[in-house]
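Derivation of every value follows stated rules applied to the coordinates shown; laboratory data play no part. Please read all numbers here as calculations on a predicted model, not as lab measurements. Cβ: placed from backbone, ideal geometry, glycine included. Neighbour counts: every protein chain shown.
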Amino acid sequence: MKRRSFVAATAAAASLAALPVLGRAAPRPASGKRYDLIIIGAGTAGIPAAIYASRRGARVLMLDAAGDIGGTLHLSTGQMSAAGTRLQAAKGISDSAQAHYDDVMRISRNTADPDLTRLGVDEAARTFDWLMDIGLQPLPEHPVLGLGHEPYSQKRYCWAKNGGRDILAVLRPELQKEIDSGRVDLRLMTPVTALLTDESGAVQGVRVKSQDREQAFTGRHVLLTCGGYASNAELFESLSGYRDYADTAYPYCRGDGIGLGVAVGGYVRGRENYLCNFGSILTDDGFPGRFLARFVVTPQQRQPWEVFVNLRGERFIREDEPSFDKRENSLLGQPDLRYWIVFDEAILAEAPPGVAGSGGVDPWTREQMREAFGVHAWFTRADSLAALATATGIDPAGLERTIAEYNRSVDRRTDPLGRQHLPRRIEKGPFYAIRHQGHSTTATVGLAVDGQLRVIRRGGEPIPNLYAAGELLGAGQTQGKSFVGGMMVTPALSFGRVLGQRLPLGEA
């Protein structure tokens with residue numbers, strides 16, 4: 001791969017497509033108007049909340065720091081999971097919310113929050129059916145068991161051709177109807193600087209900054225749906241306990257909602273559930289870096305010919321481990337969430353090329369892989385294992401010992417880690433190493449809420465009038481310490497819809 005190819009890849013990752021904006025906004029309300037619901041964040045959870053509250057006649061103020069609605073839907077794969085949908089029924093699939101709940105708790109090893117998980121799966125089918133009613137078109141072969149995360153026991157996993165952008169495309173006109181009605185007042189490029197409270201600590205409204213002037217708005221309910229913190233490297237490391245290695249999140253996910261909630265008595269939870277993916281090749285060492293490519297480490301897609309070693313030169317997982325969850329959790333014990341994929345010239349010449357874009361698409365040719373070893377710092381070539389280790393920072397003695405042990409496993413056709421696919425020894429230079437870096441796109445830690453999505457204090461009592469939904473709750477609440485397919489986008493949509501349907505209207 002030529003050096004200019006890496007520059008082009010970096011530029012592509014850094015840019016976002018031109019974002020359409022809503023056509024018309026409602027007239028500004030008269031000074032002193034009190035809203036039924038103030039929503040901070042016009043994204044995955046905020047949009048359904050505004051739509052459903054407005055349909056009930058609520059006066060809704062919707063605020064977002066960005067210049068368009070949608071939030072992470074602009075970047076998300078839009079993966080959803082729902083049990084008991086009309087789509088499943090049409091394909092003869094019998095499923096239930098209880099089976100969905102059981103799967104989430106099984107995959108997460110009971111680390112997902114039971115109350116939020118229950119609410120999410122119970123409402124998922126109604127949310128999914130609504131999206132299909134307003135025009136969402138899942139891929140024709142869906143629903144599926146899943147590939148990329150631990151599979152479900154039943155086919156309930158869906159997404160559309162253009163991921164989250166297709167979800168946003170059907171939500172946009174629905175929100176526009178409510179804006180046109182005059183019930184939803186949308187204000188973009190309007191960051192919220194503080195929540196307003198009375199002497200008892202009850203939230204009464206918000207303070208915003210727009211066009212260099214501050215304003216205050218009051219409302220009966222305030223809903224925080226302004227995303228996580230994955231674009232705030234300092235806060236990411238502080239809350240998650242790991243560096244923010246890759247800049248792959250929506251740029252407005254900077255943890256503002258956490259700051260607002262904590263400032264009025266809320267607290268965060270979920271640090272123990274941090275989990276990263278099984279690694280990517282980034283453009284450079286300038287952390288947080290940009291995604292470039294990924295070695296295909298999923299044995300269901302490509303059986304491994306290589307070995308995976310950590311900084312100590314040790315193997316830490318059987319390379320053909322079929323469980324996504326076991327692979328991802330194994331990386332948490334490795335220094336800097338980092339490992340190297342090591343092989344020799346014969347494997348490079350004979351094995352199927354292993355580097356590809358995200359999800360296994362856009363595979364590199366063998367020639368592109370060879371070119372990368374002379375250009376990218378994460379692609380290392382050396383004539384000996386000792387020299388390879390020195391160039392990468394791996395412990396030389398550890399690497400040589402590991403490769404010798406692996407070669408004995410190939411000869412004996414039995415591996416101490418249980419690896420089954422043992423195609424050939426790694427024995428003749430030049431030798432190669434491709435570095436892989438674990439990273440997370442989402443925020444694991446989030447504001448604590450109860451089963452009614454009310455933001456709570458450490459003692460468990462709710463902060464009056466304050467609610468939260470979406471990634472602001474933390475991925476660790478609806479997924480636990482695992483990546484459970486569809487259990488971020490679907491709960492965010494469902495929680496917003498439920499709050500829009502159920503919050504009391506009128507004066508308290």
For region 281-437, with only Lys/Arg (+1) and Asp/Glu (-1) charged at the beta-carbon, what is the dipole magnitude about the Cα centre, in debye rounded to 20?
280
Taking Cα pairs under 8 Å and at least six residues apart, what relative contact order does region 125-234 come out at, in percent?
14
Please arrange R213, R302 by counting, for each residue, the other beta carbons lying within 10 Å of its beta carbon, fewest first.
R213, R302
Which distance in nm do the two modelled labels at A194 and Y267 give, with both placed 7 Å along the Cα-to-Cβ direction?
2.5
Rank these for me by crowding, D198, D395, going from fewest to most other beta carbons within 10 Å.
D198, D395
Note: K428 to R366 extended length (0.36 nm per residue) minus current alpha-carbon separation gives 20.5 nm
State to the nearest 20 debye the size of the charge dipole of region 52-152 about its Cα centre, where the only charges are +1 on K and R beta carbons and -1 on D and E beta carbons.
260
Relative contact order in percent for the chain (Cα pairs under 8 Å, 6+ apart) equals 24
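State whether region 52-96 is rounded, prolate or oblate according to the following rule on the C-alpha gyration tensor (a ≥ b ≥ c being the square roots of its eigenvalues): a/c under 1.5 gives rounded; otherwise a/b larger than b/c gives prolate, and the remaining case gives oblate. Can you show the working numbers first?
On the way: a/c = 4.65, a/b = 1.70, b/c = 2.74.
Oblate, because a/c is 1.5 or more while a/b does not exceed b/c.
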Can you compute the modelled spin-label distance between Q300 and R458, with each label point 7 Å from Cα toward Cβ, in nm?
4.3
Name the residue farthest towards the positive end of the dipole of the chain from the options F236, L37, L75, assuming +1 on Cβ of Lys and Arg, -1 on Cβ of Asp and Glu, about the Cα centre.
L37
Could you give the distance between the Cα centres of region 191-250 and region 75-119, to the whole Å?
29
Extreme residue, positive dipole direction of the chain, given options I47, A377, A443 (C-beta unit charges)
I47
Three-way shape call for region 397-508 based on the alpha-carbon gyration tensor, with the a/c threshold at 1.5
prolate
Potential extension, R207-H421 segment - 0.36 nm per residue separation minus Cα distance:
71.0 nm
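Taking the beta-carbon count within 10 Å as an exposure proxy, list F495, F373 from fewest neighbours to most.
Fewest-to-most ranking of F495, F373: F373, F495.
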Note: E214 to V144 extended length (0.36 nm per residue) minus current alpha-carbon separation gives 20.3 nm
Given the rule -39500 (n - 2.57) for each run of at least 4 DSSP H residues, summed and divided by the residues of the chain, what is its mean residue ellipticity at 222 nm, to the nearest 500 deg cm²/dmol?
-9000 deg cm²/dmol
Taking region 281-437 on its own, what percent of its Cα-Cα pair distances exceed 20 Å?
46
Quick check: pseudo-label points 7 Å beyond the Cα along Cα→Cβ at A90 and F287, how many nm apart are they?
4.7
Peptides 375-382, 412-419: what's the order by average Cβ count within 10 Å, highest mean first?
375-382, 412-419
Report, in cubic angstrom per residue, the convex hull volume of the C-alpha atoms of region 436-492.
91
So, relative contact order of region 281-437 in percent, Cα under 8 Å, 6 or more apart, is 31
